[in-house]
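Q: Dropping a structure here in C-alpha cells format, bear with me for questions.
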Amino acid sequence: MFHPTFRQLKYLVSVSKCLHFGKAAKECFVSQSTLSSGIQELEKLLNVKLVERTKRKVFLTPLGEKIADKAKYINIEMNDVLDLAKSAQEHMFGETRLGVIPTIAPYILPRLMPKIRKEYTSISLKLVEDQTANILNMLYSGSLDLALIARPYKVENLHIELIKKDFFHVALPTDSPLAETKKKSLNNKDISNSNMLLLDEGHCLRDHALQACSKEAKQKIDAFKATSLLTLVQMVANNSGITLLPDLVINSELLKTNKIKILNYENNQNYREIAVCWRISTPRSKDFLKFAEFLKKNI
C-alpha cells in the first residue's frame, strides 16, 4: 500500500481547520482545484471518505477528523525536519512563510519587500495576510514560519521580538472644531465629545484603540464599524467622525489627503507594539533573530 504524501496530509489539516476549500487553499499557497484534487487523491489512496461538501458547508467525517488530528503532528514534525535543514545554511535559505495582519501589511510591505529581496537573495518568501487569530493558528500548526503582529495580544509558546512602538494619533476632519486648536497633542477629554470611528470586531487595532480611549470617549463610539483602515480614513475625510491611527498608517500613502488633520494623542503615551514571532521549537531561531534585527532597522 502506498503512503499518503506530506502535501496531501497538509491539505487535509488545512481543510479541517478552515472548513472552507478556498481559505485552506490560500493557507497552503495553492489553487482551490489543486487542493481539492489532493484531498480526492488521499481519499482514493485510503479508500475512505474524509471530507463532505454541500453547497453551504464543508465538514470532515468522523474518521476524517481522527486522521486530520494525527496529520497535524506529522505536519509539525515534517516542517521541523525542513527547518533543521534550512538552519544548516549560512544565511536564511529556501521557502519562508510569513503571516502579516491587515493593519500592518499594506503600510510596510511595499517598501519592505524590495529590501528583503536585496538582503535575502536565497529565500522564497511566501506571504499570508489575515487577522491575528488566524495568523497565529497557522503559526502554531506549522503552516507559517513567522508572524508579524501587533501587541498586546495573548500568545503562548512563541518567541517574540519587539520591532517598534507604533504610537497612536488623532485623525480628524480639517473642518472639525478640534482642528483649530493650537495644541499639538489632544487628550481623552478633548476628544470625549467627538464621534469615534473604529474598525470592526476581529481587528486587533480596534482593541488597541479601545484600550487607549477613556470611558467617556468609548461612549461616543459610532455604531458604524469599518472593515478596513481605508474605509475608516474615508469616513473621517467625509466628516463622519474622528479616529485613532498608528504611526505606520500616518506615514503611508493612505493619508495623502488634505481633508484630514493629524494631531498627537495623549503626548505619545498610547501605542501598540509591532512584533515578529515564531515557534520556540523551530530550529531556525538563529536565522529569525537576525531577520528580526533586519526588520528593526527597516520598519
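The values are calculated or read from the model by the stated rules, or taken from the named source; none is laboratory data. Just so it is clear, the model here is predicted, and its values are computed rather than measured. Every residue, glycine among them, receives a Cβ derived from its backbone with ideal geometry; neighbour counts consider all protein chains shown.
Q: Quick one: what pairs do we get from the stretch 262-287, first residue over 21 Å from residue 154 (Cα atoms), second in a strand (DSSP E or B) and of a type in the set (Gly, Ala, Ser), C-beta under 7 Å, 6+ apart or different chains?
A: 262/171; 263/185; 264/185; 265/185; 266/185; 267/185
Q: Among the residues of the stretch 150-183 satisfying the criterion of being modelled with pLDDT under 80 and touching a strand residue (DSSP E or B) at 6+ places or on another chain (Cβ under 7 Å), which is surrounded by the fewest Cβ atoms within 10 Å (Cβ to Cβ)?
A: 179
Q: Shifting gears a bit: Would the stretch 64-75 turn up any residue that is touching a strand residue (DSSP E or B) at 6+ places or on another chain (Cβ under 8 Å) and closer than 23 Å to residue 123 by Cα?
A: No - not one qualifying residue is present in the stretch 64-75.
Q: Additional query: Can you name the condition, by its number, that residue 14 falls short on among (1) closer than 17 Å to residue 95 by Cβ; (2) modelled with pLDDT under 85?
A: The single condition residue 14 does not satisfy is (2).
Q: Which residue pairs have Cβ atoms under 6 Å apart, sit 6 or more places apart or on different chains, and have a first residue in the stretch 241-256 that is more than 16 Å from residue 108 (Cα to Cα) and touching a residue at least 40 places away in the same chain (Cβ under 8 Å) and a second that is among the acidic types (Asp, Glu) and surrounded by fewer than 21 Cβ atoms within 10 Å (Cβ to Cβ)?
A: Taking only residues 6 or more apart or on different chains, the pairs are 241/222.
Q: So which helices (runs of 4 or more DSSP H) stay within the stretch 1-86 end to end and still have 2 or more residues that are under 28 Å from residue 287 (Cβ atoms)?
A: By residue number, 6-18, 21-28.
Q: Looking only at the stretch 229-253, how many residues end up being outside any loop (DSSP other than H, G, I, E, B) and crowded, with 18+ Cβ neighbours inside 10 Å?
A: 13
Q: Same structure again: State the number of residues belonging to the stretch 254-287 that are under 17 Å from the mean Cα position of the chain (by Cα) and either under 27 Å from residue 182 (Cβ atoms) or surrounded by 17 or more Cβ atoms within 10 Å (Cβ to Cβ) (or both).
A: Residues flagged as under 17 Å from the mean Cα position of the chain (by Cα) and either under 27 Å from residue 182 (Cβ atoms) or surrounded by 17 or more Cβ atoms within 10 Å (Cβ to Cβ) (or both) within the stretch 254-287 amount to 7.
Q: A further question follows. For residue 52, state whether it is of a type outside the set (Ser, Thr, Tyr) and either closer than 14 Å to residue 15 by Cα or modelled with pLDDT under 85 (or both).
A: The answer is yes for residue 52.
Q: Can I ask one more? Looking at 21, 29, can you tell me which residue is surrounded by fewer than 18 Cβ atoms within 10 Å (Cβ to Cβ) and among the aromatic types (Phe, Trp, Tyr)?
A: Among 21, 29, only 29 is surrounded by fewer than 18 Cβ atoms within 10 Å (Cβ to Cβ) and among the aromatic types (Phe, Trp, Tyr).
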